[in-house]
1. Quick check on the stretch 213-221. Is at least one of its residues of a type in the set (S, T, Y) and more than 9 Å from ligand 1 (Cβ to nearest atom)?
2. Quick one: what pairs do we get from the stretch 158-183, first residue acidic (D, E), second in a helix (DSSP H, G or I) and within 14 Å of ligand 1 (Cβ to nearest atom), C-beta under 8 Å, 6+ apart or different chains?
3. So F297 clears everything in (1) surrounded by fewer than 18 Cβ atoms within 10 Å (Cβ to Cβ); (2) within 23 Å of Y372 (Cα to Cα); (3) among the aromatic types (F, W, Y) except one condition, right? Which one?
4. Say whether the condition of being within 16 Å of ligand 2 (Cβ to nearest atom) and surrounded by fewer than 20 Cβ atoms within 10 Å (Cβ to Cβ) is met by at least one residue in the stretch 239-261.
5. Looking at Q242, Q233, which is the one that is farther than 18 Å from A289 by Cβ, touching a residue at least 24 places away in the same chain (Cβ under 8 Å) and not in a loop (DSSP other than H, G, I, E, B)?
6. Any chance the stretch 277-298 includes a residue that's of a type in the set (V, I, T), under 30 Å from P136 (Cα atoms), in contact with a helix residue (DSSP H, G or I) (Cβ under 9 Å, 6 or more places away or on another chain) and in contact (Cβ under 8 Å) with a residue 12 or more places away in the chain?
7. Cβ contacts < 8 Å: first residue touching a residue at least 60 places away in the same chain (Cβ under 8 Å), restricted to the stretch 100-117; second residue hydroxyl-bearing (S, T, Y) and not in a helix (DSSP H, G or I), any location; separation 6+ or different chain. Result?
Amino acid sequence: MSVSVTVVVLAAGKGTRMKSPRPKVLHRLAGRSMIHHVLAVAAELGPTRAVVVLAPDMANVAAEVESGPQPATIVFQEPQLGTGHALLVARDQLPATGEVLVLYGDTPLLTPATLRSLLETRRAAAAAVAVLGMRPPDPGGYGRLAFAGGALAAIVEERHADDELKRQGLCNAGIMAFDAARLGALLDALELRTPKNEYYLTDAVEHARARGWSCVALEMPWLEALGVNSQAQLAEAEAVLQDRLRQAAMAAGVTLIGPDTVFLAADTQLEEGAEIGPYVVFGPGVRVAQAAQILPFSHLEGVTIGPGAQIGPFARLRPGAEIAAGARVGNFVEVKNARLEAGAKANHLSYIGDARVGAKANIGAGTITCNYDGFAKHRTDIGAGAFIGSNTALVAPVTIGEGAVVGAGSTIDRDVPPGSLSIARGRQTDIPDGAARLRARRLSKT
Ligand code: UD1
Ligand code: MG
């Protein structure tokens, strides 16, 4: 039987411990904001509806939610009187039947599999509430799960817990699933708690037990529940996520020569047989096709690499770069918003921006597409099989015809016809005996 799930993401907390002007859930992990990570996991559950609770001064978070992987209704909470209050504020958005799953915006490492197990556990027990428990190495600050006769009886916040409960130590991960039909009564029963003056959502467990409704707990791997409250925890979560992404890439047939030094984005697509050298960094939006090679110390963002292409070492590929099959981009080459067609080569020290480089064209060392005149960007079009000599400046807009040859050191500011040999540089003058005469003149002056 399928039950409809409404996901509620709580994210109105200020996150002051991040000590950053940016709201906590906009901090990024593997190139994706924390709130997008949480919404992506929610999306995998195929919810009938998602709701995100924010503080009214979080317009930038609201915009991020709107561009996220799961459509969601935004509800503003003011003031922020705790997790229970956050759900009370979202009450109009909650369904009368089905299931409500509560997630936190600052818990980005959850997997859909764990959430599905939680939902299944609740359904199997027909419980009013199901919670995820965990055993972190340092339980300080977490609520504790209290059991009576083997059944979950309460969640006790650390400040209210006695030593024995603190020691037995199954902690509340914060993720809770509710039977929607019974949630309303549990929210009605919540009371303001001192000394923090908050409504604790966790009190719903005791209120359910008081009504004779069962509650269940499921233990999960604590790393999945890792909450990000500080910059150090952000880095810790990044490390966990990077490890997952690397393992998944290798399991899919990608060679990572030094996996610990490769940084992937959450959306990096690497096809089987791709080979990634050490110290390669992927920003968002990269696709690498089969048998392409990315050599060490390269940085890629928003780019597509075709089959068998070779990139780097020390290449920088910026958004809009498209490197076709078998093309090569070598050391200290920057490519932006430009397409290198099949077999084209730019092996050394060049900038190629706002351009097309035709199939098998060869770009010599030190070539620059001068794409910006201080006001606007202009395009350079290089035909198939063209040869651009070293240290050439191509002043855009400009077209180099198919098969043309441009002499080294040229400054090209007019179109070059197909098949032309074009040279645009100062002429060389040779003065016989000039060196000797120059030296004589200098010496006579000393
Ligand atoms: C909560 C749990 C605790 C659990 C811990 C796990 C309660 C009372 N306690 O404590 O048992 O071990 O999480 O991390 O629920 N939020 C709002 N509005 C508010 C307050 C919080 O949206 O008014 C959001 C926060 O942005 C955050 C989440 O709810 O995403 C949790 O809030 P937080 O203050 O971190 O709760 P904890 O004290 O850590
Ligand atoms: Mg917290």
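1. The answer is yes; a qualifying residue exists.
2. As it stands, the answer is E158/K166, since those pairs meet every condition given.
3. For F297, the failing item is (2).
4. The answer is no; no qualifying residue exists.
5. So the residue among Q242, Q233 that is farther than 18 Å from A289 by Cβ, touching a residue at least 24 places away in the same chain (Cβ under 8 Å) and not in a loop (DSSP other than H, G, I, E, B) is Q242.
6. no
7. V100/T6; L101/T6
Rundown of residues vs (1) polar (S, T, N, Q); (2) within 14 Å of ligand 1 (Cβ to nearest atom); (3) part of a strand (DSSP E or B), yes/no style:
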residue: L152; (1), (2), (3): no, yes, yes
residue: I175; (1), (2), (3): no, yes, yes
residue: L187; (1), (2), (3): no, yes, no
residue: T202; (1), (2), (3): yes, yes, no
residue: A208; (1), (2), (3): no, no, no
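The values are calculated or read from the model by the stated rules, or taken from the named source; none is laboratory data. Everything quoted here is computed from the prediction, not taken from an experiment. With ideal geometry, Cβ positions are generated from the backbone for all residues, glycine too; neighbour counts draw on all protein chains shown.
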